[in-house]
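Read through the structure below, which is laid out as structure tokens, and then see the notes.
The values are calculated or read from the model by the stated rules, or taken from the named source; none is laboratory data. Not measured: the values here are computed from a predicted model. Note that we place each Cβ from the backbone using ideal geometry, even for glycine, and neighbour counts take in every protein chain shown. Keep in mind that these areas ignore ligands, DNA and RNA; they rest on the heavy atoms of the full protein, side chains included. Shrake-Rupley method; radii C 1.70, N 1.55, O 1.52, S 1.80 Å.
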Amino acid sequence: MGLTLLLGIFAICVVLGVPVAFAMGIAALSAFWWEGFPLLITFQRSVSGISVFSLLAIPFFVFAGELMLHGGIAMRLVKFASALVGHIRGGLASVNIFSSMLFGGISGSAVADISALGSILIPVMKERGYHPDYAVNVTVTSSIAGIVIPPSHNMIIFAVAAGGGISISKLFLAGVLPGMLMCLCLAVAAYVIAVKRNYPAEAFPGWHAVWIASLQAIPGLVTAVIIVGGVLSGVFTVTESGAFGAIYALLLTFFVYRSLDWIGFKTSVVSAVRTTAMVMVLIGFASSFAYLLALYQVPDKLSSFMLGISEEKIFVLLMINVMLLVLGMIMDMAALILICTPIFLPIVKDLGMDPTQFGIMLLVNLGLGLCTPPVGTCLFVGCAVGRIRIEETLKTIWPFYLAILAALILITYVPAVSLFLPSLLE
Amino acid sequence: KDWRGWNIHVEDYPVSHGMEAFMAEVEEKTGGEIKGKVFHAGVLGSQPDAIEQLRLGVMDFGVFSLGPMGQAVPETNVVSLPFVFKSVPQMYELMDGAPGAALGEALEAKGIVALGYYDAGARSFYNSIKPINTPADVEGMKVRVMNNDLFVGMIESMGGNATPMAFAEVYQSIKTGVVDGAENNPPSYESTSHFEVAKYYSMTQHLIIPECLCMSKKTFDALTPEQQEIVKTAGKNSTDLQRKLWGEREAASMKIIMDGGVEVNEIADKTAFQDAMKPVYDKYLEANPEMTELVNLFRNAE
Amino acid sequence: MLRIERALDILSLLCMIAASICLVVLVATFGWLVFGRYVLNATPTWVEQLALLLICYITYLGAAVGIHENTHLGVTLFRDMMGQRISVFLKLVIDIVLAGFGLLMMLASIELVMFGWDTLLPMLNIPESFRSLSAALCGGLVFVFAGLRAVFRFICLIMGRPYIEKGIV
Ligand code: NA
Ligand code: NA
């Protein structure tokens, strides 16, 4: 009964349009009341859910990303990508995807990626004769590669949700190939459509221009090198690396590029606060929610239910993927990572899957959810930036969904895609 | 009534078996009037949260380390003082006697009923540089400690660089030299694989911090006198069981550690270390003069 | 009504400024931590615990501002399909629900503040209550922001004129 109340109230709140974070809080509060717990437990869980040391990396990663956007690093990355891959057929799509790999890699936030790159690239693409739906689709779907290409704050949320036994450096390494694989699949889809719709290619600017563009982009790329390098070498903890990366980005944009003024700084701080608060308050109330799920023993029950249907690894993984995709459609990433990890991780461990590989699979699944209605933050932001109705993009987005699904299948069933790079380290 | 039990350890651990045995005995002897479930592996949150929940009556019982307990019940900080116990057997004796009862009173004043004190072993230093034989060997070493002024002070009084750090970060940090070492009991040193990167284990046994099988006073007071007796006896029995299991577990871990090529050195005379702790005690008693009597109760025991 | 809305805007701005200062302090003190650990070989032990306190204020003040500015993620699809009149009504209901939740959040968190008074945060040695205080503040702010918006919506509803939304809707 308590569980029904928890899930029921949550569903009603979400459908009515209550912000998801607060819907979880309200549902948890009701369930605690039903169980006769003091109501303050809801908020104790939520406060301690966010007072977790490794989660401190989130504001740092987000702040570094905002500085890159408002301090002109993003623009230099696009120029660099443009010089390198712009001459391919449908060149700006490739530029878009490649830029996502670079920028999303650093910021780790798909939404930041879209608002940064989308606002630069979508107008240019439209101008060069690309249809708006295509421009938005490419931008939106490619942005989720940044979630698995390190650094990524979502990986940290996953490591926290998994109970601390998972190494962040291993996760970071594990995300590299899957991220590139997704970009490759998307590039193929984009290329095929570009040929069909007869989109143009850009002129190759010459090696000199490539050289200049890379010189200008490299200091920006170093931000990612600092964060990832700091973690992989173990010289810094993840949190320290994030702080160091943010301070580096600040110094770079202010003193070297000289493209960050007081207004840019203020905007970066405020946007970082907004994003951090949004993600963290979700994490907080998701902790209250997850506490109740543990109390009602949902993970145990679901796991014996699923393994009761079949113990065939291929089938169980398929079921998990489908569930994650459906959940991803209606809920946001951070909260789902916290809720789904304790539920599914024991099951896949039983099946002999490496927790790190599961993490990548989970992130790609939920990432795809960011591009699907009814709750698809990336899709919404992309459509807002591209000034196009969601229904219009949805008509032509399916080849891109297919591309990501293809990558997802490989990530799910071929462990080496995720685990090859980490295995080199050991 | 359905009891909820909090436990930070995984299901197969001496503490966990002790708690399961406790619950099983209570269930059996109350004829099923009281049932319960132990939630292992910290699925119901961190220790400070669980202590708060226990005091509020949301959690019915749990096993808590007396280390972090000091934030909620300052008296329990006394057992976090380095070398306050001379050995593990002495810890048993004191915790089962008058000093343990004094802590029990302090806990009860905060809504926690102590049913028994479990063994969490003795913590010793390990590092990747050299064996520690004297306090001077710690000088200049970067040592990870738990978040507590006392432990920071303990390292600093030997001239080391205390580094509070999340537990999950320690392995990688030792491997890459961010810290030179840390300190823990043999089972933790072994199960975290820290012994693979820190090859020197020096049996300083500086901290012997017991864990406490606790019950919410709200839950306890709601029991009949007969049930309270059953619970107390079950608590005592589970304590005996856990201590036995702990001994076995520690021996098994030491074997793995030795087989792993770790250089273990015993420290026959710990006087030099104990003397080095004087500033820690002075600073603690200066800040908490009301604890003097309690500290002496432990320190002056034979 | 306009003057009250203006006051709410200022309150929200103040929260944002406070949260922003917390973020800047967070970055600066962590810079100091990295410097201390790697250059001075003396780790400032208070930084991590201070950071855990600051993140609470960034989160909860920022979340309250998000309520005022309508920037939290939610599923508006179903609501939007319902048509104008039901949608107006639903928005009123949501604000009332949020205000109620905010009130409970404030009251329960104040209880938590009282309860945590004698428990100290490690290394900082200040009561744990300072952490739960951020949640109490958030609850109070959500109550004020959502509650007054519900009142305005209601006034607009009975006066038969549209309520002008703030931020992304
Ligand atoms: Na990334
Ligand atoms: Na979605």
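Values as computed for the structure displayed
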{"read-out": "Probe 1.4 Å, protein heavy atoms only - accessible area per residue of chain A in square angstrom", "value": "34"}
{"read-out": "Pairs from B:K37/B:K110; B:K29/B:K232; B:K86/B:K217 whose Cα-Cα separation, in the structure shown, is over 22 Å", "value": "B:K37/B:K110; B:K86/B:K217"}
{"read-out": "Farthest positive-ward along the stretch C:2-159 dipole, Cα basis, beta-carbon charges - from C:F101, C:C15, C:F152", "value": "C:F152"}
{"read-out": "The stretch A:129-184: chymotrypsin sites (Phe, Trp or Tyr not before Pro) in DSSP loop, at most 11 other beta carbons within 10 Å", "value": "none"}
{"read-out": "Kirkwood-type radius of chain C, with distances r between different C-alpha atoms, in Å", "value": "18.1"}
{"read-out": "Candidates B:L241, B:L150, B:L285: whichever shows maximal mean-square fluctuation once chain B is modelled as a Gaussian network with Cα springs under 10 Å", "value": "B:L285"}
{"read-out": "Rel. contact order, % - alpha carbon contacts under 8 angstrom, at least six apart, chain B", "value": "25"}
{"read-out": "Highest-MSF residue in chain C out of C:I158, C:I86, C:I94 [GNM, Cα springs under 10 Å]", "value": "C:I158"}
{"read-out": "Mean shadow area of the stretch C:13-77, taken as a quarter of the surface of its Cα convex hull (nm²)", "value": "5.4"}
{"read-out": "Mean-position separation - Cα centroids, the stretch C:105-169 and the stretch A:323-344, in angstrom", "value": "27"}
{"read-out": "Probe 1.4 Å - accessible area at A:C383, Å² to nearest ten", "value": "10"}
{"read-out": "The stretch B:238-290: C-alpha gyration tensor shape, a/c 1.5 cut-off, then a/b vs b/c", "value": "oblate"}
{"read-out": "Size of the A/C contact, given as accessible area buried on both chains, probe 1.4 Å, in Å²", "value": "4600"}
{"read-out": "Cα-based Rg / Dmax (Å) for the stretch B:113-213", "value": "13.5, 44"}
{"read-out": "Whole-number percent relative contact order across chain C, with pairs defined as alpha carbons under 8 Å at least 6 apart", "value": "26"}
{"read-out": "Gap separating the Cα centres of the stretch B:27-72 and the stretch A:204-224, nearest whole Å", "value": "58"}
{"read-out": "Angle between chain C longest axis and helix C:47-69 axis [Cα atoms, degrees, rounded to 10]", "value": "10"}
{"read-out": "Per-selection metrics, the protein assembly as shown (Cα): Rg and Dmax in Å", "value": "28.3, 91"}
{"read-out": "Per-residue mean of C-beta atoms belonging to partner chains within 10 Å, peptide C:6-16", "value": "1"}
{"read-out": "Choice from A:F98, A:F305, A:F204 showing the highest fluctuation, given a GNM over chain A with Cα pairs closer than 10 Å", "value": "A:F305"}
{"read-out": "Check: chain B dipole with +1 on Lys, Arg Cβ and -1 on Asp, Glu Cβ, in debye", "value": "340"}
{"read-out": "Rel. contact order, % - alpha carbon contacts under 8 angstrom, at least six apart, chain A", "value": "25"}
{"read-out": "Solvent-accessible area, 1.4 Å probe, carbon plus sulfur percent, for the stretch C:2-159", "value": "76"}
{"read-out": "Cα gyration tensor shape of the stretch B:24-98, rounded if a/c is under 1.5, else prolate or oblate by comparing a/b with b/c", "value": "oblate"}
{"read-out": "Pairs of alpha carbons in chain A whose separation is greater than 39 Å (percent)", "value": "17"}
{"read-out": "Shape of the stretch C:106-169, Cα gyration tensor, a/c cut at 1.5", "value": "prolate"}
{"read-out": "Euclidean distance of C-alpha centroids, the stretch B:239-278 and the stretch C:1-62, integer Å", "value": "43"}
{"read-out": "Test item: C:78-85 mean partner chain Cβ contacts at 10 Å", "value": "2"}
{"read-out": "Highest-first arrangement of B:28-40, B:179-191, A:279-291, where packing means the average Cβ count within 10 Å", "value": "A:279-291, B:179-191, B:28-40"}
{"read-out": "Reachable lysines from A:K349, criterion Cα separation under 23 angstrom, eight or more residues apart if same chain", "value": "A:K170, A:K301, A:K313"}
{"read-out": "Peptide-level mean, for A:374-380, of C-beta atoms on other protein chains within 10 Å", "value": "2"}
